[in-house]
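Peer 1: Let me give you the structure first, and then I'll get to my questions.
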Amino acid sequence: MDLTAEPSARVVALTIFFPAFNEEAIIEQTVRSAVRTGAAVANDYEVVVVDDGSRDGTAGVVERLAASDPHVRLEKHDRNRGYGAALRTGFATARNDLVFFSDADGQFDLNELPALLAALPEAPVVVGYRIKRNDPPHRLFIAKTYNLIIRAVFGLRVRDIDCAFKLFRRDALSKVSLESNGAFISSEMLIKLRRAGVGISERGVHHYPRTTGYSKGAGLAVILKTIRDIIRLRLGIPLQGS
């Protein structure tokens, strides 16, 4: 969707946030894109980066941007705590009634956010699914297998569980308590929302190859931790601290 056109409706207040770990090369571009998007679709907006203990200059770039733009804010972990922990911080510190998050790596086009906003009358949670996922073959295989496992174990029927292009009304988020610190957070979130009877709508979005950095989500340690969290949630064992 072309954000240079007049939007059909503007939302009142929106938080856009990004979990980030070692994304110095792309984070300024990501933040500036989010600022443009926020200004186009919302009367009031904030752009938040949750720096998850980056070892590069990610936090410094965001601090510089925040110093010149009051819409930009940095939340910083003192150490790397994991993707789920970064999302939980983003949700906990978001100040507005609508909360959207995406990854900081530039693989999504924020110009597609209006399509999710337009779907809010259908459901208080709108999640993207990648029309064509631009990742290496081994990641595509892992993702497909993972989606099948989550569907089999929890009965969750969502096209693309881990698509990092999701929009929430705050009152929907308040119905669930998220615990995972790792990659399982996306599944935990959707499973618990379904269990709470919260409606979820889906919209297709485009996905682009990474141009900087590297993916951190398919390592052996991440996979093993995710398997552990699947077992814990299935058995009703708390995930906190995982």
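The values are calculated or read from the model by the stated rules, or taken from the named source; none is laboratory data. Since the structure is predicted, the reported quantities are computational estimates derived from the model, not experimental observations. Glycine gets a Cβ as well: all are built from the backbone with ideal geometry, and neighbour counts include every protein chain shown.
Peer 1: Identify, by number, the condition in (1) in contact (Cβ under 8 Å) with a residue 12 or more places away in the chain; (2) farther than 28 Å from Arg73 by Cβ; (3) among the small types (Gly, Ala, Ser) that Ser177 doesn't meet.
Peer 2: Looking at each condition in turn, Ser177 falls short on (2).
Peer 1: Of everything in region 72-88 that's touching a helix residue (DSSP H, G or I) at 6+ places or on another chain (Cβ under 6 Å) and not charged (D, E, K, R), which residue is surrounded by the fewest Cβ atoms within 10 Å (Cβ to Cβ)?
Peer 2: Checking each candidate, the answer is Leu74.
Peer 1: Quick check on this structure: which one of Asp171, Asp162 is within 19 Å of the chain's Cα centre (by Cα) and within 24 Å of Thr58 (Cβ to Cβ)?
Peer 2: Answer to the check: Asp162.
Peer 1: Does Ala59 satisfy being over 15 Å from Gly182 (Cβ atoms), free of Cβ contacts under 8 Å to residues at least 40 places away in the same chain and crowded, with 16+ Cβ neighbours inside 10 Å?
Peer 2: Yes, satisfied.
Peer 1: Counting only residues that are among the charged types (D, E, K, R) and assigned to a helix (DSSP H, G or I), which one in region 89-146 is surrounded by the fewest Cβ atoms within 10 Å (Cβ to Cβ)?
Peer 2: Lys144
Peer 1: Next question, about the same structure. Name every residue in region 23-61 that is in contact with an Asp or Glu (Cβ under 7 Å, 6 or more places away or on another chain), among the hydroxyl-bearing types (Ser, Thr, Tyr) and more than 20 Å from Gln107 (Cα to Cα), in order of residue number.
Peer 2: none
Peer 1: Can you name the residue in region 9-38 that is of a type in the set (Gly, Ala, Ser) and part of a strand (DSSP E or B) and is also surrounded by the most Cβ atoms within 10 Å (Cβ to Cβ) among such residues?
Peer 2: The qualifying residue surrounded by the most Cβ atoms within 10 Å (Cβ to Cβ) is Ala20.
Peer 1: From the list Gly241, Gly155, Gly128, pick out the single residue that is touching a Cys at 6+ places or on another chain (Cβ under 6 Å) and either modelled with pLDDT under 95 or closer than 23 Å to Asp52 by Cβ (or both).
Peer 2: Step by step, each of Gly241, Gly155, Gly128 is checked, and only Gly128 is touching a Cys at 6+ places or on another chain (Cβ under 6 Å) and either modelled with pLDDT under 95 or closer than 23 Å to Asp52 by Cβ (or both).
Peer 1: In this structure, is Ala86 hydrophobic (A, V, I, L, M, F, W, C) and under 21 Å from Phe184 (Cβ atoms)?
Peer 2: yes
Peer 1: Here's another thing I want to ask about it. Select from region 45-61 the residues that are assigned to a loop (DSSP other than H, G, I, E, B) and within 17 Å of Arg32 (Cβ to Cβ) and list them in ascending order.
Peer 2: The one that is assigned to a loop (DSSP other than H, G, I, E, B) and within 17 Å of Arg32 (Cβ to Cβ): Gly57.
Peer 1: Here are some conditions: (1) of a type in the set (Gly, Ala, Ser); (2) closer than 23 Å to Val125 by Cβ; (3) at pLDDT below 85; (4) surrounded by fewer than 12 Cβ atoms within 10 Å (Cβ to Cβ). Gly217 meets all but one. Which one does it not meet?
Peer 2: (4)
Peer 1: Identify all residues within region 151-194 that are assigned to a helix (DSSP H, G or I) and charged (D, E, K, R); write none if there are none.
Peer 2: Arg151, Arg170, Asp171, Glu188, Lys192, Arg194
Peer 1: Quick check on my filter: what residues within region 195-213 are of a type in the set (Gly, Ala, Ser) and either at pLDDT below 90 or in a loop (DSSP other than H, G, I, E, B) (or both)?
Peer 2: Correct list: Ala196, Gly197, Gly199, Gly213.
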